[in-house]
Amino acid sequence: MGERSKDTTLDRVDVNGNYEPDNCRWADIKTQHRNTRVNHMIDFEGEQVTIAEAAEKTNMHPETLRHRKRRGWSDDESINIPVKKSNNRTKCDICPGIYEMDSWNRNTRIFTMNDFPEIRAGLNPPI
């Protein structure tokens, strides 16, 4: 394991293993956060990496990948279908007619808490 360097703490290489010299290392906080049982893994260029690592390597926001995975997208689709920006509004490449997301939400009647302040206040959205 060697000497502890600054800004590191003890970490297990295999989170399911014991605290033994062969299974321990000094790791920074970023490494430790990516080495937990609760991380969701994604196949990226033939290797299993965390969603945070895949997002970092593709310059995507991690929440974009998480959202796509929750929606049932494959790993390949989640990573390779680009997010398009137009007038600070996100466009979705798979939505019929390529609606701007707020317009698509109104047409499909699928809303999120961020779409309208009325939803956050528990009122009906203005459609």
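Details
- Looking across the stretch 32-60, the residues that are among the acidic types (Asp, Glu) and not in a helix (DSSP H, G or I) come down to Asp43, Glu45, Glu47.
- Of the residues making up the stretch 56-76, not a single one is touching a strand residue (DSSP E or B) at 6+ places or on another chain (Cβ under 6 Å), at pLDDT 90 or above and aliphatic (A, V, I, L, M).
- Pairs, first over 14 Å from Ala55 (Cβ atoms) in the stretch 68-94, second modelled with pLDDT of 90 or more and part of a strand (DSSP E or B), C-beta under 8 Å, six or more apart: Asp76/Asp43
- In the set (1) more than 30 Å from Lys6 (Cβ to Cβ); (2) at pLDDT below 90, Val38 fails one condition alone, (1).
- Annotation: of all residues in the stretch 14-39 being surrounded by 12 or more Cβ atoms within 10 Å (Cβ to Cβ) and touching a helix residue (DSSP H, G or I) at 6+ places or on another chain (Cβ under 8 Å), the one that is nearest to Arg68 (Cα to Cα) is Asn39.
The values are calculated or read from the model by the stated rules, or taken from the named source; none is laboratory data. None of the values given here were measured: they were computed from a predicted structure. No Cβ is skipped: glycine too gets one built from the backbone with ideal geometry, and neighbour counts run over all protein chains shown.
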